[in-house]
Amino acid sequence: MAKTALITGITGQDGYYLSRLLLERGYRVAGLVPLHRQSSLAKLGSLASQIEVCAVDMRDSAALLAVVEQLQPQEIYNLAAPSFVPDSWQDPLGTLDLVTGTATRLLEAVRLAGLNTRFYQASSSEMFGQVDRSPQDENTPFRPMNPYAAAKLHAHWTMVHHRQRYGWFACSGILYNHESPRRPPNFVTRKVSLAAASIKLGLSDRLEMGNLDAKRDWGYAGDHVEAMWRMLQADEPEDYVIGTGQLHSVRELVATAFECVGLDWTRYVVVDPKFLRSDEHFYLVANPEKAKRQLNWEPQVSFEGLLEKMVLKDLERLQSAEVPSIAQIEQNS
């Protein structure tokens, strides 16, 4: 009999790749989608018809309990969170409720339903914040620096406390930046890939950027969701840092993306101070040795391969008759 997996945040980037992976492995996949987000199901494309969609108010504990009791999932992947970290400053309380509230209500639903569900909590490298050491591993102190990171840390510890108190199989992946062609254009990786493609096609002639020396640990979303799944297949529930362990600068990001379309990036990129961020000097880079050792997990897509995927997909989108302009691509991402 097929396992049932319940996913929150299913219409996001990670929800798409995780759903695809689970469907390929024979799972019955159900997604919790807030009542006001039903239109976002279109982002799942052909996967939408293979997924059971449960429209539910994520703030309604009784409704969440009813869904959990009905589906009896063997696995829950809680990915619900705002998609763009800086936006959390505009609604700190809403961010806390979406991230921590959803995690708490789901964990309580599992408890009240009396299930042995394995629970995955999507944690974030943002929880490390103002680091004083690099790379970071599972023992690095947390120093969150924004409402998103603080909410993620609260949800992380809520999961840990449930694991300790009830002996549950619950774990978290502390994930570093992971990208794909499904990233919205307000993320720097997608901003760059879209610009490279549009300049190549003559649809634009410049790219405005901030600090080109800022560095990140960028991986591929498809690789990172594989790590999520492996965590719930392990013998013991533990938390894992998931990333590539490699830092690349924004300069490298831009150069690599433009190289994919045979362009010299220095002719098109302009540094604009309005895009500079105050926290660029903190280097968040993973030490994924525990995941490699215990989960036999390693990234499969290189930095160069990731950018190639993104740029080629944006070229395809721009050349498509269905999406003839950059503005439409940004609106539909």
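The values are calculated or read from the model by the stated rules, or taken from the named source; none is laboratory data. A quick note: this is a predicted structure, and the numbers were derived from the prediction, not measured. For neighbour counting, all protein chains shown are included, and Cβ atoms are generated from backbone atoms with ideal geometry for every residue, glycine included.
Checking residue 160 against (1) of a type in the set (Val, Ile, Thr); (2) surrounded by 20 or more Cβ atoms within 10 Å (Cβ to Cβ); (3) not assigned by TED's automatic domain parsing to the domain that holds residue 307: exactly one of these is not met. Which one?
Here residue 160 clears every test but (2).
So which residues in segment 11-60 are among the hydroxyl-bearing types (Ser, Thr, Tyr) and either touching a Leu at 6+ places or on another chain (Cβ under 8 Å) or modelled with pLDDT under 95 (or both), if there are any at all?
11, 16, 19, 39, 40, 46, 49
What about residue 81, is it in contact with a strand residue (DSSP E or B) (Cβ under 7 Å, 6 or more places away or on another chain), assigned to a loop (DSSP other than H, G, I, E, B) and not acidic (Asp, Glu)?
Against the criterion (in contact with a strand residue (DSSP E or B) (Cβ under 7 Å, 6 or more places away or on another chain), assigned to a loop (DSSP other than H, G, I, E, B) and not acidic (Asp, Glu)), residue 81 qualifies.
For the structure I just gave you, tell me whether residue 88 is under 19 Å from the mean Cα position of the chain (by Cα), hydroxyl-bearing (Ser, Thr, Tyr) and assigned to a loop (DSSP other than H, G, I, E, B).
It is false that residue 88 is under 19 Å from the mean Cα position of the chain (by Cα), hydroxyl-bearing (Ser, Thr, Tyr) and assigned to a loop (DSSP other than H, G, I, E, B).
Got at least one residue in segment 134-144 being surrounded by 20 or more Cβ atoms within 10 Å (Cβ to Cβ), of a type in the set (A, V, I, L, M, F, W, C) and either modelled with pLDDT of 95 or more or under 18 Å from the mean Cα position of the chain (by Cα) (or both)?
There is no residue in segment 134-144 that is surrounded by 20 or more Cβ atoms within 10 Å (Cβ to Cβ), of a type in the set (A, V, I, L, M, F, W, C) and either modelled with pLDDT of 95 or more or under 18 Å from the mean Cα position of the chain (by Cα) (or both).
Do the conditions hold for residue 129, that is, is it modelled with pLDDT under 95, within 20 Å of the chain's Cα centre (by Cα), under 29 Å from residue 246 (Cβ atoms) and outside any strand (DSSP E or B)?
yes
Being in contact with a Phe, Trp or Tyr (Cβ under 7 Å, 6 or more places away or on another chain) and modelled with pLDDT under 90 is the filter here; which residues of segment 73-89 pass it?
Residues satisfying the conditions are 82, 85, 88.
Could you look through segment 294-333, keep only residues that are modelled with pLDDT of 95 or more and in a loop (DSSP other than H, G, I, E, B), and pick out the one that is farthest from residue 230 (Cα to Cα)?
Ranking the candidates gives 302 first.
Show me the helices (runs of 4 or more DSSP H) found entirely inside segment 172-268 where at least 2 residues are basic (Lys, Arg) and closer than 21 Å to residue 318 by Cβ.
Output list reads 188-200.
Test each condition in (1) farther than 30 Å from residue 145 by Cα; (2) under 21 Å from the mean Cα position of the chain (by Cα); (3) touching a residue at least 12 places away in the same chain (Cβ under 8 Å) for residue 112 and report the one that comes out false.
Among (1) farther than 30 Å from residue 145 by Cα; (2) under 21 Å from the mean Cα position of the chain (by Cα); (3) touching a residue at least 12 places away in the same chain (Cβ under 8 Å), residue 112 violates only (2).
What are the residues in segment 97-126 that are at pLDDT below 95 and surrounded by fewer than 22 Cβ atoms within 10 Å (Cβ to Cβ), if any?
Result: 97, 100, 101.
Out of the residues in segment 179-197 that are among the hydrophobic types (A, V, I, L, M, F, W, C) and surrounded by 20 or more Cβ atoms within 10 Å (Cβ to Cβ), which is farthest from residue 258 (Cα to Cα)?
188
Assess whether residue 29 counts as being without any contact (Cβ under 8 Å) to a residue 60 or more places away in the chain and touching a helix residue (DSSP H, G or I) at 6+ places or on another chain (Cβ under 9 Å).
In short, yes.
Is it fair to say residue 157 is touching a Phe, Trp or Tyr at 6+ places or on another chain (Cβ under 7 Å) and either of a type in the set (Phe, Trp, Tyr) or under 27 Å from residue 71 (Cα atoms) (or both)?
So residue 157 fails the test.
If I filter segment 36-75 down to residues being part of a helix (DSSP H, G or I) and of a type in the set (Val, Ile, Thr), which single residue comes out as surrounded by the most Cβ atoms within 10 Å (Cβ to Cβ)?
Checking each candidate, the answer is 68.
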